[in-house]
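Working notes, structure below.
The values are calculated or read from the model by the stated rules, or taken from the named source; none is laboratory data. None of these values were measured; they are calculated from a predicted model. Ideal geometry is used to build each Cβ from the backbone, glycine not excepted, and the neighbour counts take in all protein chains shown.
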2 protein chains.
Amino acid sequence: MPFTAAEENYIKTIFQLQLVEGMVSTNSVASTLETSAASVTDMLKKLKLKKLLVYEKYKGFKLNNEGKKAALSIIRKHRLWETFLVNILHFKWDEVHEVAEQLEHIQSNQLIDHLDNFLGNPQFDPHGDPIPDATGKMPVMTQINLTKFPLHIVGEVCSVGSQSSDMLSLLSHKQIEIGSTISVEQFFAFDESIDVKINNTLMVNISAKLAQHLYVKKLNYAS
Amino acid sequence: MPFTAAEENYIKTIFQLQLVEGMVSTNSVASTLETSAASVTDMLKKLKLKKLLVYEKYKGFKLNNEGKKAALSIIRKHRLWETFLVNILHFKWDEVHEVAEQLEHIQSNQLIDHLDNFLGNPQFDPHGDPIPDATGKMPVMTQINLTKFPLHIVGEVCSVGSQSSDMLSLLSHKQIEIGSTISVEQFFAFDESIDVKINNTLMVNISAKLAQHLYVKKLNYAS
DNA sequence: TTAAAATTTTAGATTTGTCTAAAAATATTT
DNA sequence: AAATATTTTTAGACAAATCTAAAATTTTAA
């Protein structure tokens, strides 16, 4: 059962809306996709016919398991392509969305599996968002080591991997504490140190050793 | 002026037909695209309106310069994607066509330019067909050194780069002469020797040095 | 050179995805 | 709780790309 590009766009949008809202409304989909409410209603009928969602007139709707499975497969494709565009073709991370929106509709499991392998089965895309695997499982982004945190993404310091007073005093000297927001701005290959921005203002340098002991979780979702 | 996927498929098909026929007929396009003659007529009107072809009712048609430019851009995309699929994602060369048919319709010059660079600005695709550059210029495949000839493609030996009797006696020992058909079947990295098939039957091994002196041109086109 | 055959075009219908305008249902407010 | 506002759905239309069947044109051949 392949889907059209239009169907896939609706499926993906509904999935993302129901993550935060639970139940989804016609208008919210319409404004996200920048289309009319009437068009959304039309598409809902088709998707209901294909047994992808639970929907009753005037009552709101949400994807069922089949629909969620489809959505995860599309999101997988989108995020793998974004990873390809940034890591391999050296697009800037804010230039990839439009192209990935097209690439995600290419129909070929073989293509996606090969791409996944070529990229080294990445767990997170360049925006820091988790990439579902072929079975639809998403790695939960609880916390991730600062050394593996994507560039220019704002996260929150959520744990420190050691309680040594030497380390804690260094942290306070750099004005870093649990709950601080942090983003990695630059990586220096020579000594593997990184420049990070704390609380959106202060720029400090962090050694590789310190970074290895800081765990961060992503804050605001994008893409 | 972006084209729809359907328009692009017609443009590409007409281009390839007019290369051999000069003038193109409705039926030839219909059978190539496995559609009805009526559909072709409909599309011809649209393409004429967009000033891509010279067409008068019942008289046959062909792409004008604008149309050829469009066709070359599509062929460029198709062949670059095929190169990517085979060289980078390790598809077999006979598995790529269907996927490349989809990928060629992705709209992004930036994407194609980056892909071209990433692949090292290849001149020929895995089938041995020439890849147009960004301005639409195609390298003419006159003859190409055997060491650069694509795998599993049948070519014709068209010149030998030396007249030394040592070399010519070696060639006749291996039953290779001007006009023999030849295809490269395997490359051995250790000594850079290659196994080739001569006249579709005899398999012989050729040293790197000998291969460097053999020039071959591709025989039968495939896409 | 006219009759038959083949090709091409037109006419009218269908599917997909979209739209606007109006009607129906639900929600909000006084 | 009635009036008003908002949301959602329906009705009818349109553009793109396709189809079949019939008409128009060109080609072939008797």
Of all residues in the range A:37-54, count the ones that are near DNA strand D (Cβ under 7 Å from one of its atoms) and more than 11 Å from residue A:14 (Cα to Cα). 5
Residue count for the range A:176-201, restricted to those that are aliphatic (A, V, I, L, M) and modelled with pLDDT under 85: 2
Qualifying position, being β-branched (Val, Ile, Thr), over 29 Å from residue B:114 (Cα atoms) and more than 22 Å from the chain's Cα centre (by Cα), among B:24, B:54, B:29, B:20: B:54
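Would you mention how many residues in the range B:91-118 are part of a loop (DSSP other than H, G, I, E, B), at the interface with chain A (Cβ under 10 Å from one of its Cβ atoms) and touching a residue at least 24 places away in the same chain (Cβ under 8 Å)?
At the first step, the residues of the range B:91-118 found to be part of a loop (DSSP other than H, G, I, E, B) are B:91-96, B:104-108.
Still in the list and also at the interface with chain A (Cβ under 10 Å from one of its Cβ atoms): B:91, B:95-96, B:105-108.
Still in the list and also touching a residue at least 24 places away in the same chain (Cβ under 8 Å): B:96, B:105-107.
Total meeting the criteria: 4.
Let's see how each residue does on (1) touching a residue at least 24 places away in the same chain (Cβ under 8 Å); (2) more than 14 Å from chain A (Cβ to nearest Cβ); (3) closer than 25 Å to residue B:103 by Cα; (4) near DNA strand C (Cβ under 10 Å from one of its atoms):
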position	(1), (2), (3), (4)
B:2	yes, no, yes, no
B:9	yes, yes, yes, no
B:14	yes, yes, yes, no
B:19	no, yes, yes, no
B:23	yes, yes, no, yes
B:27	no, yes, no, yes
B:34	no, yes, yes, no
B:54	no, yes, no, no
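Residue-wise test of (1) part of a loop (DSSP other than H, G, I, E, B); (2) in contact with a strand residue (DSSP E or B) (Cβ under 9 Å, 6 or more places away or on another chain); (3) surrounded by 18 or more Cβ atoms within 10 Å (Cβ to Cβ).
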position	(1), (2), (3)
A:135	yes, no, no
A:157	no, yes, yes
A:177	yes, yes, no
A:184	no, yes, yes
A:187	no, yes, no
Condition first: assigned to a strand (DSSP E or B), over 18 Å from residue A:127 (Cβ atoms) and under 25 Å from the mean Cα position of the chain (by Cα). Now tell me which residues in the range A:204-223 satisfy that. A:214, A:215
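From the list B:45, B:77, B:12, B:59, which residue is assigned to a loop (DSSP other than H, G, I, E, B) and charged (D, E, K, R)?
On the way: B:45 fails: assigned to a loop (DSSP other than H, G, I, E, B); B:77 fails: assigned to a loop (DSSP other than H, G, I, E, B); B:12 fails: assigned to a loop (DSSP other than H, G, I, E, B).
Among B:45, B:77, B:12, B:59, only B:59 is assigned to a loop (DSSP other than H, G, I, E, B) and charged (D, E, K, R).
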